[in-house]
Structures are given as structure tokens and as C-alpha cells.
1. Go ahead and estimate [θ] at 222 nm for the chain from helices alone: -39,500 (n - 2.57) per DSSP H run with n ≥ 4, summed, over the residue count, rounded to 500.
2. Which one of 15, 319, 53 is farthest out on the positive end of the charge dipole of the chain, using unit charges on Cβ (Lys, Arg +1; Asp, Glu -1) and the Cα centre as origin?
3. Please quote Rg/Rh for region 17-64 to two decimal places, taking the Kirkwood radius as Rh and restricting both calculations to Cα atoms.
4. R0 = 51 Å: FRET efficiency of residue 166 with residue 4, Cβ-based, nearest 0.05?
5. Can you put 127, 60, 374 in order, fewest other beta carbons within 10 Å first?
6. Sum up the charges of everything whose Cβ sits under 12 Å from the Cβ of residue 696, counting Lys and Arg as +1 and Asp and Glu as -1, but leave residue 696 out.
7. Hey, with R₀ at 30 Å, roughly what FRET efficiency would residue 492 and residue 320 work out to, going by the Cβ-Cβ distance, to 0.05?
8. Pull up the cross-link candidates among the aspartates and glutamates for residue 111, meaning alpha carbon to alpha carbon under 18 Å and not fewer than 8 places away within one chain.
Amino acid sequence: MPSNPDRLYELLPVIHRQRDAGQGYPLQALLRVIAEQVNLVEADIAQLYENWFIETAQEWVVPYIGDLIGYTPIHESGEPGDPATAAGQARNKILTPRREVANTLRYRRRKGTLALLEQLAQDVAGWPARAVEFYTLLSWMQNINLQHLERHRTVDVRDGKALDLLNGPFDAIAHTVDVRRINSTRARGRYNLPSVGLFVWRLKPYPVTRATTRALERPYRHCYTFSPLGNDAPLFARPEPERDPAHIADESNLPVPIRRRAFEQHPGDYYGDDKSLAIWADEALIPLKRIVAADLTQWRYRPQGGQVAVDPVRGRLAFARDQMPKHSLRVSYSYGFSADMGGGEYHRQLSQPVGATLTEVSTLDELQHALAAWQSMPDPAMSPRSEVIEITNSHVYMLALQLKLRPNDRLQIRAANGARPVLWVQDQRPDLPDAFRVELTPGSHITLDGLWITNRPVHIAAETQRQTPAACLGEVVIRHCTLVPGWGLEPDCQPKEETEPSLELENAQARVRIEHSIVGAIQVNVSQVQADPIPIHISDSILDATRGEYEALGAPGRPVAHAVLTIQRCTVFGIVQVHAIELAENTIFNDCLHVARRQLGCMRFCYVPADCRTPRRYHCQPDLVEQAMTSAADKMRERERVRPHFTDRRYGRPGYGQLAETCAEEIKRGADDDSEMGAFHHLYQPQREANLRARLAEYTPAGLNAGIIFAS
């Protein structure tokens, strides 16, 4: 679109422009308005041409192009959403994938080839995949005229690599026949003549670049963990693109956890500055020849000489005792998770107040200096301050934070795109145990964006001199952050302080918004309950109290927290006890929910255990399945059947918060748009799976059965 607002005015003869100047430029102002509309019309005409091509067409045009080539949407995956809304547009992208429409004709030409199934998984569902013909793994008698000596034999117990890959997507050991169909809706089998399996990976590798490691205490000070929290976390491989369309994906092309044996046999495939894993000691990249694969489960392995032992399964590394880095140790690696949530080096939309001062910091001294400059108290009569402090790397910052905002101040502490900083909050004052403390005043606003905060909670309080709960003291925004549940993690991902909250609100009559974050327990401490309840809005997040019997949202010493909760597309581990719920939508309350005022608000398309005190429910589970039963025993059975099952409930593990494959369909497709309930609703995984299953049936040759197997 042309950017010159006077392009029509400049086409006029000079005499008319001179006369217009003498009258105060009324004609120029008129032509600027007309030029703005002309630009819109020209842009629309240009877009009409772009809409002829699938690569450049707008999203609403993609189904029409698909109709021209005979593309048929899958009705089992659900009906299209409203294209006028953001949620409807995101849903339609999954129901009618642009890449699938673009490659439909190519699919038809390649029908019956094994590599096509892998491309279907990537284009239709967005999942990396590996296709396997299970008839090649059947154990049968050899044909004397057509021998396959490399397969159809008994297990070689000396072949450690083959045993390491047993029953996985790269299995090469012969199996006896399994007569169950691989695409059965009941019990699925694998090893049969017509069976073709498509192993798909739902977890994605998230890179961490030149991050700080965690050193162990004595006597293991020469030992480190890749995770800055000190927990064991498997390292994931960085997938390499396939160059041949007919190539069947192997381990190097898929986001799989790195195996010890694979790392030992082919370290050069994984280690290097541009590979899946790299280690810098004192700012120098450790050469490959010093890297050895080892099992560091009990830290019994002792590196010799200049060796650096790496355990990719547990995410650990160890030096010889006399070869420890003197100044710094940095690592680059990838961890596995389901979605862009909780902060990381993924791209996210940054926003800041108009006119705010941007301060970029990359070291601890720079961060402390920026915070100290903010803390310096200027003349109160000066205008409100507005500043953004942006951290540009993935280091660990050990500091104590005590922030005080003046009225109408706006402060944002955020990570830059491509960075994942960790704020290790130190408790240095025995009289003030809450080391990350923010004091709000009327109209003040603080935003935490893209940060990991560990070792202590975030404490939001009203200014000591202004204990006026009736006044609204501004807003607290936590976006794409992780407030580590339980303050920290043990090596087995157990919380260090499982009963401690991660966010405390003390007499802070502020609006609290939490988006795309992982947060531990929230405590609301209000000394004067005569004030209005605190509005708390949580969306697309995980709220984790570390154990089901603990409060995920509550108040110490009180029956319920003095707060009104709005929660959408979230997963909650723990008990929620609040004054009222304005709206609960597409959310899993895994343990229980109690509200004081049941007549306010509503719950829709949620899971909440029976016998909980809630506002009125609409299309919630297990209410729906119980209504279809008559006997108490049947209701109890259905209640247990639809209880959510998760791949893992412990924060720090790759499958944290992910619905398991065995979870009931009423939960996996229980949201208002037939997607899954919980924090990963926005992934639309049921729609992806339904689309992929239908396309597999369409493009698999007659006589063969193709099924989906979730590898992660």
C-alpha cells in the first residue's frame, strides 16, 4: 500500500496547489481522506489477485480453492468456526490445512507410497512422523528362493542397539503375528500383514541457547544439570530436514529424546555449535573429542583426564574434579514440551505502553542497575514513569527484588524474543521472607513476561501506608511465565517446598491476569473482607498446587479466597476455593472446586469432580455421563471413566499436563468447539487426529490398515 498520503494532491496542477496554500490547504486535507480510501480499494484489488494462489490466499479463501480441486473437509473433526473471530480462524486453520490443500494433487499421484503417510502427518496434523510396514517385522519361515537374513529371526540378546529400540518406531526385531487390527477402536494390534503404523510426535523440542547450568552441592561440585532448576530432564534432538521426498524418517529427522547408546556411537551427529547439544567452558566450546556418553544416574561415573561426561537421558554432565570450569559454564540444548507456554525461546507477541522507555540488559550487573534506577525515588510531583526492562539472554540471574511503584507507574520486566532468562530469587532478609516483592499504589501496573521465577514466590502487596482495599490499585499481568510450583525441583522433579505458594496477593486490590503461563499455588491474603473481591483472570495456563489435596487457589486461615475468578482453557491441579466464579470455560478442575456464592456466574464445558460446590453448570463432566445412567453403580463407573488421565502430572517432565491417549473422549473432545478441555485446548489435537485418520484411510491402498501410534 502506498505510504504517501499526498500522492493524489501532487497530481494537481501547481496553480491549484498554490491557491489551496493561500486558503489554508483545505483541498489537501480532502484529498488525503480520499487517498486513504483509494489505498484501501487498491489493496483489496491486489489481494483479489493474491487469492488465486494457495500460497498467498487469505485464510477464508483456502476452503474455496480446496473445493475447486475436489478437496473434501472431514466432518468428523467438527464444523468450521466463525471466520470473523480469532478463535474461529485458528480452528479453521486446523480443519482445512493450507498445506494439505496445496499438496492434494500431489497426494493423489503418490497414493500407495509409504513416504506419503509421513507427509500427510506433517501437512494435515502438523506432527512429525515415521511410517512403518509391520509385515517386515513378522517372524516367519524363510523362503529358500527369497531369503531375508537381516530379519525374521529370533532375538539377538547381544545386540544392544536393537534391544534399546524394541517396540518403538525404530524396532528391527521380529515379532509373532497379532491378529488385531491396527485401526481398531477397541484393542489395537500391530504386527500383521496388512498393518501399517504411523508413529507421530506431539511433543516439540524447545531450544535453549547458551544457558546457565545448575551446579550440585558438595561433594558433587564437579557435577551439573542442564536444567537450571536442578531436575533431571531428557535432552531432545534437533530434527534435520529430509532431502528426499521418498525417504523414510529416521532418528535424525525426528524430535526424539537422545539415547545414550546413539550418543555414544554417533556423538558427532548430536554435539556441536549448530547441533542438538553444545557445551562452553569459560566461553570456549569444548571439543567433540572430550565428550563421552555416560550413565550419570548415581554420579558414579568418574571422567578421566580432560573428559566431559554427558548423560542425555537425565540431562546431566560431569567434569573431572581438577578440570572444572574456572569462570563460567554455558550449554545449548533442547527440552520437550507440548506447546508455547510458560516462557522459552519461542516467538511471542511483545507489547509495551506507548512512550515507555526500553532498557536492554544482558548481565546481572546491568539488570541490578536498571532495577536500582527504577527504585530511585524522584519527586512525587513528577509524571508517572513507564519503563520496559528487557533481558536478552537465557542466563540465571540470582538477585533479590524489592520493587515499589508510584501511582500510575507502569513497569514491565520481560524476556526478549529468543531468550529464556531465569530469575533465581534470593532470600537475603530474615525479616522479609518474600524476596520478590512488589508494592502497588493506585493505578500502578506491573507486567512479567517470558520469565522463569524460582526459589521464592512473587509477592504482590499494597503500599504499607495505603491500606485502602476499597481502592483499585492497578493491574498485575503474568504472561508466558513460569512461577515454579513448589519453588524448585528435586532431581526426580518432586517439588522442594510442595506446600508453599508461588504467587501471593496481600491486600492488593488489583486486577490479576495470567496468560499462557505455568503457576504454582496462589494465595490471596485480605485483612479487610469488606472490600470488593479481587478479580483474577487466568487463561491458557496450568495452575499446579503440586498435590491434589493442597489449595491451588485459596486463602490461609479462611474458607475461601476473597476473589472473583474467571478461568478459561486451563488445567488445575489442586483445590480451588474462591468467593465466586464469574466464568469457567473449557477448564479441567482435576481435584475440586468450592465457591461461596453459587448464584453468581456459570461453568460451561468443564470437568469438575462430583460433590463440589460450584455455580450452575452447562455441559460439564461428569454430569452429562451420569445423567444417562440410572443405577448408582453405573453412575460411579461412568464418573471414574471420564476422570482425566495425563501423560504426567509432575512439572519438569516433557509430558507435563498433556492428556493421555487413554483419556476419555468426553474430555478429549469436551470443549465447546469439540477440542480438548484444559490448557492445551488451542492445539486442536482431536481435530488434527480426526483429519489425519480420515486421510490415512483415503490414501492407503485397499487391503491395508493404517493406524496412528502416539510416540510422545
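Since every read-out is calculated from the coordinates, none of them should be taken as a lab result. Everything quoted here is computed from the prediction, not taken from an experiment. Reconstructed Cβ throughout: ideal geometry from the backbone, glycine too, with neighbour counts over all protein chains shown.
1. Helix-only estimate at 222 nm: -5000 deg cm²/dmol.
2. Value computed over the given set: 319.
3. Here Rg/Rh amounts to 1.37.
4. Values: r = 68 Å, r/R0 = 1.33.
For residue 166 and residue 4, the calculated efficiency is 0.15.
5. On the way: 127 26, 60 13, 374 19.
Fewest-to-most Cβ neighbours within 10 Å comes out as 60, 374, 127.
6. Around residue 696, the surrounding residues sum to 0.
7. Values: r = 26 Å, r/R0 = 0.87.
The calculated FRET efficiency here is 0.70.
8. By straight Cα distance, residue 111 reaches 100, 123, 133, 244, 698.
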